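Participant: Handing you this structure, nothing more for now.
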Amino acid sequence: MRSDYKYLIPIIIAVVIAIWIIWPNNPGINIAGFQKEIETRLGLDLVGGVQALLEADLPENTAIEPEAMRTATRIVENRVNGLGVTEAVVQQAGDRRIVVELPGETDPESALATLKQTGLLEFVDFSGLSPQEVYSLTNQEIQTDFGQDNNLVPSVETPADIGVGSEIDLSSLSNRVYHTVMTGADLKSVQVVTSQTGEYQVAFELTPNGSNIFRDFTSQNVGESLAIILDNKVISAPVINEPITDGRGVITGNFDYDTSNALAIQLRYGSLPIPLKIVETRTVGPTLGQDSLQKSLIAGVVGFTIVILFMGLYYRLPGLVADVAIILYAIFAFALFRFIPITLTLPGVAGFLLSTGAALDANILIFERFKEELRSGKPIQQSLLLGWKRAWPSIRDSNIATLITCAILFWFGSTFGATIVKGFSLTLALGVIVSLFTALVITRALLNLAINTFKPKNFVKWYGI
Amino acid sequence: MNIDIIGKRYIFFIVSLAIILPGLILGVVMAVNGELPLAIDFTGGTLIEIKLSNGQEPQPADIVLLYKEIGIDDVKVQTTSQGTFVSRSSLLAEDVPGKIIEEMKKKFDADVTILRIESVGPTVGREVTQRAALAVGVAAFVVVLYITFAFRGIPNAFRYGICAIIAMFHDVLVVISITAIGSYIWGWQIDALFLTALLTVIGFSVQDKIVVFDRIRENSSIYRRLPYETLVNHSIVQTLQRSINTQLMTVEFMLLALALFGGVTLQPFSWTMLIGLFCGTYSSIFIAATLLVIWENHEWQNWFRRKESPATV
């Protein structure tokens with residue numbers, strides 16, 4: 001008798017934790033610095049939004065440096081974060097693609113324009129900085145006031161006096177907010193030229209608007225530095241030698257052909273180490289998403305109810321126990337989806353419903369064996385034990401086969417960037433694993449308990465033989 | 001229960017062929033004529049689905065005309081049962097869908113609700129197809145290896161893997177055949193969801209076969225003297241109840257609920273899975289297990305002999 005209760009306490013604890021996780025508006029975990037938000041993540045197809053697939057714009061057989069691709073992914077991520085979409089996802093898919101998902105984004109055109117933009121190029125006021133300070137900031141990330149809210153006042157304090165030869169305090173320099181004079185949008189053309197003395201230079205031409213801004217700024221700041229910032233990183237900080245009034249200027253420096261060309265390309269195309277093009281976009285309107293969510297929920301409830309009724313009517317006592325197990329299974333699986341978290345897409349929901357079938361399959365396999373043993377005249381306890389023992393190999397092997405398929409589907413989905421396939425395989429695989437647990441641990445413990453408590457004598461009535 | 005399934009094995013093969021062949025032929029004919037409704041997932045292109053309200057009720061031809069005015073003349077427009085318009089065209093630049101929707105608002109004097117806009121480049125589409133084929137191939141191979149390993153204790157373990165895979169391809173063919181018929185009659189699109197459905201059918205198909213094979217595995221160590229044919233038949237009958245209950249009563253009910261209530265997006269997906277998984281159960285009993293017997297008896301040696309072959313129907 002006592003062993004029946006052995007499993008009961010851990011099961012109850014697990015159920016309580018799971019219910020706490022799926023409780024609406026769960027505050028999340030915040031224990032000793034460990035923070036975790038708990039929420040149901042719904043995919044694009046359920047809440048609406050924009051999905052885009054970016055691909056390296058290089059001939060198909062070119063080898064792409066993994067490092068360059070990772071950098072490109074990071075830069076795209078920075079740009080996406082600028083859009084202010086919560087729960088945006090930027091992921092590398094395979095070795096030449098990047099998936100971008102913007103749930104809730106309703107304006108595909110502007111979102112795609114942000115992705116396509118060649119990087120945010122800014123010309124930033126470095127006046128007041130000493131040459132050493134300018135030098136130490138090169139290739140560092142800085143903050144600018146471009147696009148900031150007005151209430152965020154750019155710091156205007158003059159840099160602290162730094163004695164020559166003393167250490168430059170880089171962190172205080174890079175923590176400041178610098179003023180953006182103009183952006184790359186005012187740049188009309190850029191090219192590499194050679195001077196009369198044969199030195200490489202980068203020549204640029206500005207739009208009329210840019211010319212005005214540049215004329216005002218350069219005439220007031222001769223001798224100061226004007227930094228060129230790309231995606232918040234200082235790529236170059238030339239000194240203003242003379243006012244530029246006609247909107248045409250050259251950047252000189254210790255350039256050889258490669259370095260001048262690199263700068264010109266950065267000015268022209270932005271900082272992406274690999275040119276990217278958008279090869280696929282999907283926009284789902286919020287109404288379609290809501291509709292799909294609602295309908296699949298209804299379908300889930302209807303399907304679930306029928307299955308639960310069937311199990312109870314056909315398998316009687318064990319069926320009812322399986323029903324309890326299957327409801328617990330749904331709670332556990334959903335809690336896992338929220339905890340990990342796994343983004344639920346429409347096929348993901350379908351995968352979850354299907355794995356319910358798999359969860360019941362394990363129960364059904366066991367019950368059929370149990371009934372077989374009972375029919376052959378064995379006592380209940382022995383039949384139960386044998387039912388479990390004999391059903392196990394087929395449960396194990398068949399579920400491993402499903403997990404193999406899931407793994408291959410997942411690989412297929414992630415290399416190709418097909419997030420729907422990925423979501424489906426993930427929910428199905430998790431469902432299969434959780435279902436094995438509920439069938440093997442929970443159904444077993446509860447069934448033992450129920451049989452020992454009720455000690456049913458009438459097999460026809462209780463077991464539906 | 002005493003049902004003779006194995007004895008009637010050739011009848012089941014004919015039933016399967018009767019389901020597979022018409023759809024397959026239809027599919028090939030449609031493919032040859034270029035009428036196969038491959039979604040933009042495979043061909044590349046742009047799809048715009050919208051709903052109009054508070055204005056004129058345009059005909060699909062009006063939308064085709066509107067596209068033409070913008071300079072796109074390869075659009076196909078469909079109305080759905082939900083009263084929405086689905087336009088499929090070649091790949092459009094990113095700003096074009098926005099323009100089209102603005103034009104619609106003006107021309108039809110209506111509120112336009114965007115349900116979805118999808119653009120897929122042609123290279124991506126080609127790659128999906130290749131990758132999917134590869135995924136199926138790899139899955140089949142790994143599963144054969146696993147089954148051979150799991151059944152290593154009984155003679156000819158390798159056969160079980162091969163028969164499971166043949167039956168799995170049978171399921172795939174049935175799904176393809178049904179989809180071809182569905183796309184001919186109801187205009188189902190062959191899209192990424194169809195691929196997902198197909199891959200799932202493959203996963204569950206193998207699961208089913210293993211359950212039946214497992215019983216053969218178990219029985220072959222209990223009834224060593226029994227002829228193989230009787231043994232297989234006995235195992236099938238023993239697992240019949242489970243097959244019916246799991247597949248028909250639980251999984252199929254779930255999918256039926258999804259197909260009936262799950263919304264338009266999931267409908268072809270759910271029906272494809274429903275048929276595919278049903279077929280998976282059917283083939284694990286009537287194809288996979290019977291193939292084992294045919295292999296054991298080397299029956300193909302009798303197929304082309306006359307009269308004296310007792311096994312053929």
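The values are calculated or read from the model by the stated rules, or taken from the named source; none is laboratory data. Please read all numbers here as calculations on a predicted model, not as lab measurements. Methodologically, a virtual Cβ is constructed for each residue, glycine included, from the backbone with ideal geometry; neighbour enumeration extends over all protein chains shown.
Participant: Being at pLDDT below 85 and within 11 Å of chain B (Cβ to nearest Cβ) is true for just one of A:Ala359, A:Ala391, A:Ala407. Which residue is that?
Facilitator: A:Ala359
Participant: Please enumerate the residues belonging to segment B:158-186 that are in contact with a strand residue (DSSP E or B) (Cβ under 7 Å, 6 or more places away or on another chain) and over 15 Å from B:Gly276 (Cα atoms).
Facilitator: B:Ser183
Participant: Continuing with the same structure: B:Thr200 versus (1) under 15 Å from the mean Cα position of the chain (by Cα); (2) farther than 18 Å from B:Thr148 by Cα; (3) more than 10 Å from chain A (Cβ to nearest Cβ): which is the lone unmet condition?
Facilitator: All conditions pass for B:Thr200, except number (3).
Participant: A further question follows. Scanning for something touching a strand residue (DSSP E or B) at 6+ places or on another chain (Cβ under 6 Å) and modelled with pLDDT under 80, does segment A:93-103 turn up at least one residue?
Facilitator: Checking segment A:93-103: not a single residue is touching a strand residue (DSSP E or B) at 6+ places or on another chain (Cβ under 6 Å) and modelled with pLDDT under 80.
Participant: Answer yes or no as to whether B:Leu291 is at pLDDT 85 or above, part of a helix (DSSP H, G or I) and surrounded by fewer than 24 Cβ atoms within 10 Å (Cβ to Cβ).
Facilitator: Criteria met by B:Leu291.
Participant: Let me ask another. State whether the residues of segment B:224-233 include one that is closer than 28 Å to A:Gly357 by Cα and either away from chain A (no Cβ under 11 Å) or hydrophobic (A, V, I, L, M, F, W, C) (or both).
Facilitator: So far as segment B:224-233 goes, yes, one or more of its residues are closer than 28 Å to A:Gly357 by Cα and either away from chain A (no Cβ under 11 Å) or hydrophobic (A, V, I, L, M, F, W, C) (or both).
Participant: Please give the number of the condition A:Ile298 fails out of (1) among the β-branched types (Val, Ile, Thr); (2) facing another protein chain (nearest Cβ under 7 Å); (3) in contact (Cβ under 8 Å) with a residue 12 or more places away in the chain; (4) surrounded by fewer than 21 Cβ atoms within 10 Å (Cβ to Cβ).
Facilitator: (3)
Participant: In addition: Please state which of the following conditions B:Ala167 fails to meet, knowing it meets all the rest: (1) surrounded by 18 or more Cβ atoms within 10 Å (Cβ to Cβ); (2) closer than 12 Å to B:Leu292 by Cα; (3) in contact with a Phe, Trp or Tyr (Cβ under 8 Å, 6 or more places away or on another chain).
Facilitator: Condition not satisfied by B:Ala167: (3).
Participant: Something else: Being over 18 Å from the mean Cα position of the chain (by Cα), at pLDDT below 90 and not assigned by TED's automatic domain parsing to the domain that holds B:Ile178 is true for just one of B:Ser243, B:Ser309. Which residue is that?
Facilitator: B:Ser309
Participant: Do we have B:Ile210 as modelled with pLDDT of 85 or more and under 20 Å from B:Leu36 (Cβ atoms) here?
Facilitator: For B:Ile210, the condition - modelled with pLDDT of 85 or more and under 20 Å from B:Leu36 (Cβ atoms) - is not met.
Participant: Here's a follow-up. Quick one: which of B:Val144, B:Val77, B:Val136, B:Val86 is surrounded by 15 or more Cβ atoms within 10 Å (Cβ to Cβ), of a type in the set (Val, Ile, Thr) and within 10 Å of chain A (Cβ to nearest Cβ)?
Facilitator: B:Val136
Participant: Take the residues in segment A:68-89 that are outside any loop (DSSP other than H, G, I, E, B) and free of Cβ contacts under 8 Å to residues at least 12 places away in the same chain, then tell me which one is nearest to B:Val128 (Cα to Cα).
Facilitator: Going through the qualifying residues, I end up with A:Arg74.
Participant: Okay, next question. Could you list, in sequence order, all residues of segment B:117-133 that are surrounded by 20 or more Cβ atoms within 10 Å (Cβ to Cβ) and not in a helix (DSSP H, G or I)?
Facilitator: Listed by number, the residues that qualify are B:Ile117, B:Glu118, B:Ser119, B:Val120.
Participant: Looking at B:Phe261, B:Phe304, which is the one that is closer than 26 Å to A:Gly319 by Cβ, out of contact with any Leu (no Cβ under 8 Å at 6 or more places or on another chain) and modelled with pLDDT under 85?
Facilitator: Just one listed residue meets the conditions, B:Phe261.
Participant: Under 8 Å between Cβ atoms, at least 6 apart or on separate chains: pull out the pairs that start in segment A:194-219 with a residue that is assigned to a strand (DSSP E or B) and end on any residue that is buried (at least 16 other Cβ atoms within 10 Å of the Cβ) and aromatic (Phe, Trp, Tyr).
Facilitator: Qualifying pairs under 8 Å: A:Thr194/A:Tyr200; A:Tyr200/A:Phe255; A:Gln201/A:Phe255; A:Val202/A:Phe255; A:Leu206/A:Phe214.
Participant: If you go through segment B:104-131, how many residues are more than 7 Å from chain A (Cβ to nearest Cβ), of a type in the set (Gly, Ala, Ser) and within 20 Å of B:Phe194 (Cα to Cα)?
Facilitator: 1
Participant: Right, something else. When you go through B:Leu240, B:Leu226, B:Leu248 one by one, which is the residue that is outside any helix (DSSP H, G or I) and surrounded by fewer than 19 Cβ atoms within 10 Å (Cβ to Cβ)?
Facilitator: Only one candidate passes the filter, namely B:Leu226.
Participant: If you don't mind, another one. Return only the number of the condition from (1) more than 7 Å from every other protein chain (Cβ to nearest Cβ); (2) buried (at least 21 other Cβ atoms within 10 Å of the Cβ); (3) free of Cβ contacts under 8 Å to residues at least 12 places away in the same chain that B:Leu260 does not satisfy.
Facilitator: The single condition B:Leu260 does not satisfy is (2).
Participant: With the structure loaded, tell me whether B:Gly153 is under 20 Å from B:Val251 (Cβ atoms) and either touching a residue at least 60 places away in the same chain (Cβ under 8 Å) or in contact with a strand residue (DSSP E or B) (Cβ under 9 Å, 6 or more places away or on another chain) (or both) or whether it fails that test.
Facilitator: So B:Gly153 does not fit the description; no.
Participant: Considering B:Ala61, B:Ala31, which residue is in the same structural domain as B:Ile294 (by TED's automatic domain parsing) and exposed (fewer than 14 other Cβ atoms within 10 Å of the Cβ)?
Facilitator: One residue alone meets the criteria, B:Ala31.
Participant: Then there is this: Give A:Ile400, A:Ile364, A:Ile380 a once-over and let me know the one that is surrounded by fewer than 24 Cβ atoms within 10 Å (Cβ to Cβ) and at the interface with chain B (Cβ under 9 Å from one of its Cβ atoms).
Facilitator: Matching residue, one of A:Ile400, A:Ile364, A:Ile380: A:Ile400.
Participant: Still on this structure, please answer the following. Scan segment B:156-164 and give yes if some residue there is at the interface with chain A (Cβ under 10 Å from one of its Cβ atoms), outside any helix (DSSP H, G or I) and surrounded by 19 or more Cβ atoms within 10 Å (Cβ to Cβ), otherwise no.
Facilitator: No.
Participant: What's the number of the only condition in (1) surrounded by 16 or more Cβ atoms within 10 Å (Cβ to Cβ); (2) within 7 Å of chain A (Cβ to nearest Cβ) that B:Asp95 fails to meet?
Facilitator: Only one criterion in (1) surrounded by 16 or more Cβ atoms within 10 Å (Cβ to Cβ); (2) within 7 Å of chain A (Cβ to nearest Cβ) is unmet by B:Asp95, namely (1).
Participant: Another question about this same structure. Kindly indicate the residue of segment B:180-194 that is in a helix (DSSP H, G or I) and more than 7 Å from chain A (Cβ to nearest Cβ) and also nearest to B:Thr246 (Cα to Cα) among those meeting that condition.
Facilitator: B:Phe194
Participant: Considering only segment A:415-445, state which residues are surrounded by fewer than 22 Cβ atoms within 10 Å (Cβ to Cβ), over 28 Å from B:Phe151 (Cα atoms) and either more than 11 Å from every other protein chain (Cβ to nearest Cβ) or modelled with pLDDT of 85 or more (or both).
Facilitator: If the condition is that a residue be surrounded by fewer than 22 Cβ atoms within 10 Å (Cβ to Cβ), over 28 Å from B:Phe151 (Cα atoms) and either more than 11 Å from every other protein chain (Cβ to nearest Cβ) or modelled with pLDDT of 85 or more (or both), then A:Ala445 is the only one that fits.
Participant: Regarding segment A:236-252, can at least one residue be identified that is of a type in the set (Asp, Glu) and over 30 Å from A:Leu46 (Cβ atoms)?
Facilitator: yes
Participant: Here is a further query. Quick check, is A:Arg375 buried (at least 22 other Cβ atoms within 10 Å of the Cβ) and either over 30 Å from A:Val89 (Cβ atoms) or more than 8 Å from chain B (Cβ to nearest Cβ) (or both)?
Facilitator: When the stated conditions are applied, A:Arg375 does not pass them.
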